[in-house]
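Sending over a structure as structure tokens; questions will come in a sec.
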Amino acid sequence: MIVNNLIVSVVAFALLLNAHYALAQGADAKNAEVVQKKVSQRAPHEPVVVENKAHLEDAEFSLKINNIVVPYNVFSLFVLPEEVTELEIIYPQPDKTYQLFENGVMVEKSESMTWHWQAKDTPGEQRLEIRSEDGQVNMSLNVFVMIPAEEVQGGRLKYYHIGPYPDESEVKNKDVYVEPEGFIEVTQKNQDLLLSPHFKLKEFTSKQRSGYPKFVYLRPSLLLKLEMLRREMNMNNIHVSNMVIMSGYRTPQYNKAIGNVKFSRHVYGDAADIFVDNDGDYRMDDLNSDGVVNIKDADVMANMIAELNKRSEYKGLIGGMGVYGPKPHRGPFIHIDTRGIKARWRKP
């Protein structure tokens, strides 16, 4: 599964009575109080009250998916055919029980709060729901059973040009540059499925010209980082109703065609070039309210990443961040990724 070798440790604040989440590397319910105490000590600012509750799309528990922890009421799984995924509820509401449903059919538990769920044997979509005993759906999981990477022949998958990944002999850090195990098939039917509360599948597809189907490779860490950044900005009174993914996944073929570096993180499924566009003009908004749109507005977003980066609980999402100034054909933006090591650059 794509989340293998990925350890994400993210903790966010609980600002509503029944809404909270914690991402803690190797944490479980027994040490939840200790983790939360450390968060309060290390946070760069005091918790604030968020009046707009729509910004807090949390489930009433967190879900550990193999080795990442998800707090949201909607998320996604990227798995191979017949792959088994461990799903464990952590930080549940007191005295509540939950059940996992696959397409409306209850899935048997392995333990009181744990399931070992197996994907179907053919690529496509499945839907999982976790419901409380009153029937309320607390979390939905859109599952994408991928086409195994070995089905790519001659650099193509169903006529879609993916191109070659760097030869293994060229890769110095094999833990950071991991080739896809599989690809998500994007169709006109499934492209609008949510991957997380605010981002859809179609937003991450490569920009190369082609019909359907298209294919994409994504890592859950990128979705977690995007959602966390979006929330942090809103918590700091920087309104974000629309964060644009200007560039998400790029096939090696497309990445080469636009002259980008061979080992771009976009090729490895955990990078996005993004900007805030609340007014819908496909340009960065005036985030610092100085009356002009320039690289300083990208700096506003970069500063939020810098604040998050100070938190030890965020280290599982550490990666590259680039700040880009405007050009005639586009506005300013920032690049983020979750490569696991810190990298910074700036291009006015």
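For Lys214, which aspartates and glutamates qualify as cross-link partners when the Cα separation must be under 17 Å and same-chain residues fewer than eight apart are set aside?
Cα-Cα hits under 17 Å: Glu125, Glu150, Glu151, Glu181, Glu185, Asp192, Glu203.
Over region 126-173, with the other protein chains present, what is the accessible area per residue in square angstrom, probe 1.4 angstrom?
In whole numbers, region 126-173 has 53 Å² accessible per residue.
Check which residues have an amide H placed less than 5 Å from Ser110's amide H, if you skip close sequence neighbours.
Trp115, His116
Between region 204-253 and region 256-313, what's the alpha-carbon centroid distance in Å?
Using only Cα atoms to place each centre, the spacing works out to 11 Å.
Report the full-extension gain for the segment Asn309 to Glu108: residue separation times 0.36 nm, less the Cα-Cα distance, to one decimal in nm.
68.4 nm
Starting from region 217-290, pick out the trypsin sites (Lys or Arg not before Pro) whose DSSP state is loop and whose Cβ has at most 15 other Cβ atoms within 10 Å.
Lys262
Now for a different question. Could you name the aspartates and glutamates in cross-link range of Lys347, using Cα to Cα under 18 Å and dropping any fewer than eight places away on the same chain?
Partners within reach: Asp273, Asp297, Asp299, Asp337.
Hey, which aspartates and glutamates would be in cross-link range of Lys172, C-alpha to C-alpha under 14 Å, not counting anything within fewer than 8 residues on its own chain?
Cross-link targets: none qualify.
Please turn the phi angles of region 60-65 into ³J(HN,Hα) values with the Karplus equation 6.51 cos²θ - 1.76 cosθ + 1.60 (θ = phi - 60°), one per residue in order, whole Hz, x for glycine and proline.
Working through the residues one at a time gives 8, 8, 10, 10, 8, 10 Hz.
How many angstrom lie between the Cα centre of region 95-164 and the Cα centre of region 62-91?
Value for the Cα centre distance between the two parts: 9 Å.
Now, a different point. Sum up the charges of everything whose Cβ sits under 11 Å from the Cβ of Arg250, counting Lys and Arg as +1 and Asp and Glu as -1, but leave Arg250 out.
That sum, taken over residues with Cβ under 11 Å, equals +2.
Further, regarding this structure: Please compute the modelled spin-label separation between Lys342 and Lys296, points set 7 Å along Cα→Cβ, answer in nm with one decimal.
Going from the Lys296 label point to the Lys342 one covers 2.6 nm.
Go through Lys256/Lys342; Lys64/Lys342; Lys225/Lys342; Lys64/Lys109 and tell me which ones have a Cα-Cα distance over 22 Å in this structure. Don't skip to the answer; put the middle values down first.
Numbers: Lys256/Lys342 24 Å; Lys64/Lys342 25 Å; Lys225/Lys342 14 Å; Lys64/Lys109 15 Å.
Over 22 Å apart, Cα to Cα: Lys256/Lys342; Lys64/Lys342.
Tell me the carbon and sulfur percent of the accessible area for region 238-348, rounded to whole percent, probe radius 1.4 Å. Before the final figure, lay out each step's value.
Values: 2510 of 4630 Å².
Ligands and nucleic acids excluded, carbon and sulfur reach 54 percent.
The values are calculated or read from the model by the stated rules, or taken from the named source; none is laboratory data. Source: prediction; values computed, not measured. All Cβ positions, even for glycine, are placed from backbone atoms using ideal geometry, and neighbour counts span all protein chains on display. Protein only, heavy atoms only, side chains kept; ligands, DNA and RNA dropped before computing areas. Shrake-Rupley method; radii C 1.70, N 1.55, O 1.52, S 1.80 Å.
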